[in-house]
Amino acid sequence: MGSSKKDRTPAVNDVKRNVDTVLNSSNSKPFYESSLSSVSSWQFLFATLAVSAAVYYGLQSRDLKAAPEYRRGPNKAYKPPVPNHGPYAPGHAKAYGNIPPLVTPYSRHVPSKKIVPVRRAEDISNENGGWRTASKADWDSHGIKGCDLDEISAENLTPEYFEKEYRFKKPLLIHFPNGADDWTKAELWTLPYLLKTYGKWEVGSGKGVDIVRHGGNGHYKSSFEDYIMSIMEQRDEHREPFYMFDRTFYNQSELPRSMHPPPYLAIHPVHDENIFFLGASMSGVSFHKHADAWNGVVFGWKRWFIYPPTHTPPGGVWPGLNTMEWFHRIYPELSKKEMPMECMQGPGDIVYLPESWYHGTINLGDTIAIGIQKNIGALHMENLTYENNAIEDSKILDSKTKLEKAFKIWTELHEKYPTNTEITNRLGENYASRADIKNAIAVTLEAVERDPYFLVAHVNLGKLYFSAGEADKAEHHFKRAADINPHNSDVCWIYGEFLVFRRRVGDAIWWFEKGAKEHVDKKEFFENLIRQAKELVRLDPELKSIPQERPRMMEHSFSHEQ
């Protein structure tokens, strides 16, 4: 990402010579005045960090020939589907906005080793479709009674009333007298049937925040059987399980033919896309928004947290906190005015979500559901958001034109929705992309003043202030981000970068080690950062080659070029 010069990656001998030059010269120029023909240690560090990132991500996304061939159906080897065009096409990386800097890209890696089962087939119950119910502890800690949304029985809801009162206006919980059988065939969603029919099919899963970062896709690939018997049981340090969030499994199964929702929720073959959800208790997805949608639970329970388009959830959207982190770190601190609309959705219920409404979820018990959402926006906010995504994806427009068009969009959105902190933060990023650091700081400060928990905005301010030569203010915001969520991988990475430039390499290594320990999927990358930081100290024990004058190294992070 950004404007790094890939053809100037230095060799170690070049760096050694440069360190000697810096240490032996009393008149060495500040790094931003140095000749392009010389390479300083800070340039070595970030060049090697960039190379490490490129190699790591390349390894993660390569196509392993030794991987087992998971199949989609009888005698048909899986072939990745060709995605539809448009910003919300299935698998689109920017379906929920632009992927932020320093994020692992989407990977088609399928584990080549046999996954050891955690569950046994004989332990699967015949009750509740074979799905496990939530424990009393989970219900006591994460369940609620009641619902802040309007609740209506499908028997009493006409298409005319739905369009008049709810379409694009407010969310709704719909109950069905015969449960899920009123809109699908529930027996096709039972665990024994799915295992027997689709056990060897490939599926995608991931942790809640990573799913949103990858455009609403589970990026970890496995067979359905391996997911059920092993991966579904895995927990991270926050007790969050892997969540199956797949956009192709459902479409290639027989499940779509079983769907018969009410006419006001009719599924359009062109304008709608389908998402299959399956997760254990405490799984879920972090806050995001999209076009008009509805979500139907077949088995299990789902707790919803919902905010209107004008009110970005406190803490911001991805990639700051996953749902469990948000629930335990931010939710208890909210005032009554800041609280979300909440609702418990049970088996057979459908939740309607109007376009652009933010939402996050926590599942209670094994929860299997289907989501149907429009792939195009109908109203002002999503229309412009989709237009921005199309601009970023364009292979025709040059970088300057992209920046100008995107800046115009985010300026218009900010003027229309001044209380939406996600939009405010994106406008700040666009100012930074235009090298207008003064206005970028002013606008991003507006976002954190409105939402003090907005981790991503604090990280952006840290980068901006450091680029402006105000290191103390930069550290204030990096520390604030770390206070909000010390487990966030971007905090471990970017704050560590900052500390290297402040000649506090020992502190930087502590954050890199924390990242390696807490983010197994990024362990290799963080270990590379640790090695490079130690090498820097070995080459220059007093760290005199690291400049202190107005470092500009982080400005590239605001570029959305990939």
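Does residue 290 meet the test of being over 29 Å from residue 488 (Cα atoms), in contact with an Asp or Glu (Cβ under 9 Å, 6 or more places away or on another chain) and touching a residue at least 60 places away in the same chain (Cβ under 8 Å)?
Considered against the rule, which asks whether it is over 29 Å from residue 488 (Cα atoms), in contact with an Asp or Glu (Cβ under 9 Å, 6 or more places away or on another chain) and touching a residue at least 60 places away in the same chain (Cβ under 8 Å), residue 290 comes out as no.
For residue 304, the conditions (1) assigned to a helix (DSSP H, G or I); (2) modelled with pLDDT of 95 or more are fulfilled apart from (1).
Within region 447-465, is even one residue of a type in the set (D, E, K, R) and in a loop (DSSP other than H, G, I, E, B)? So far as region 447-465 goes, yes, one or more of its residues are of a type in the set (D, E, K, R) and in a loop (DSSP other than H, G, I, E, B). Taking region 333-362 as the range and being crowded, with 20+ Cβ neighbours inside 10 Å and of a type in the set (Ser, Thr, Tyr) as the test, the residues that pass are 352, 356, 358, 361.
Restricting attention to region 387-401 and to residues that are over 23 Å from the mean Cα position of the chain (by Cα) and assigned to a helix (DSSP H, G or I), the residue that is nearest to residue 434 (Cα to Cα) turns out to be 400.
Just the residues that are of a type outside the set (Gly, Ala, Ser), more than 25 Å from residue 220 (Cα to Cα) and not in a loop (DSSP other than H, G, I, E, B), please, taken from region 485-510. Residues satisfying the conditions are 495, 497, 498, 499, 500, 501, 505, 507, 509, 510.
Here is a yes/no grid of residues against (1) surrounded by 17 or more Cβ atoms within 10 Å (Cβ to Cβ); (2) at pLDDT 95 or above; (3) not assigned by the TED database to the domain that holds residue 299:
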position: 150; (1), (2), (3): no, yes, no
position: 158; (1), (2), (3): no, yes, no
position: 166; (1), (2), (3): yes, yes, no
position: 173; (1), (2), (3): yes, yes, no
position: 180; (1), (2), (3): yes, yes, no
position: 185; (1), (2), (3): no, yes, no
position: 198; (1), (2), (3): yes, no, no
position: 203; (1), (2), (3): yes, no, no
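When 371, 365 are checked against the criterion of being assigned to a strand (DSSP E or B), on the phi > 0 side of the Ramachandran plot and crowded, with 19+ Cβ neighbours inside 10 Å, a single residue qualifies: 365. Considering the conditions (1) at pLDDT below 95; (2) closer than 30 Å to residue 504 by Cβ, residue 441 is excluded by exactly one of them, (1). All of 211, 228 fail the test of being more than 16 Å from the chain's Cα centre (by Cα), assigned to a helix (DSSP H, G or I) and modelled with pLDDT under 90, apart from 228. The residue pairs whose first member lies in region 132-161 and is closer than 30 Å to residue 331 by Cα and free of Cβ contacts under 8 Å to residues at least 40 places away in the same chain, whose second member is among the acidic types (Asp, Glu) and in a loop (DSSP other than H, G, I, E, B), and whose beta carbons are closer than 7 Å, counting only pairs six or more residues apart or on different chains, do not exist in this structure. Answer with yes or no whether residue 311 is over 20 Å from the mean Cα position of the chain (by Cα) and not acidic (Asp, Glu). So residue 311 does not fit the description; no.
The values are calculated or read from the model by the stated rules, or taken from the named source; none is laboratory data. Here the structure is a predicted model, which means the values were calculated and not measured. All Cβ positions, even for glycine, are placed from backbone atoms using ideal geometry, and neighbour counts span all protein chains on display.
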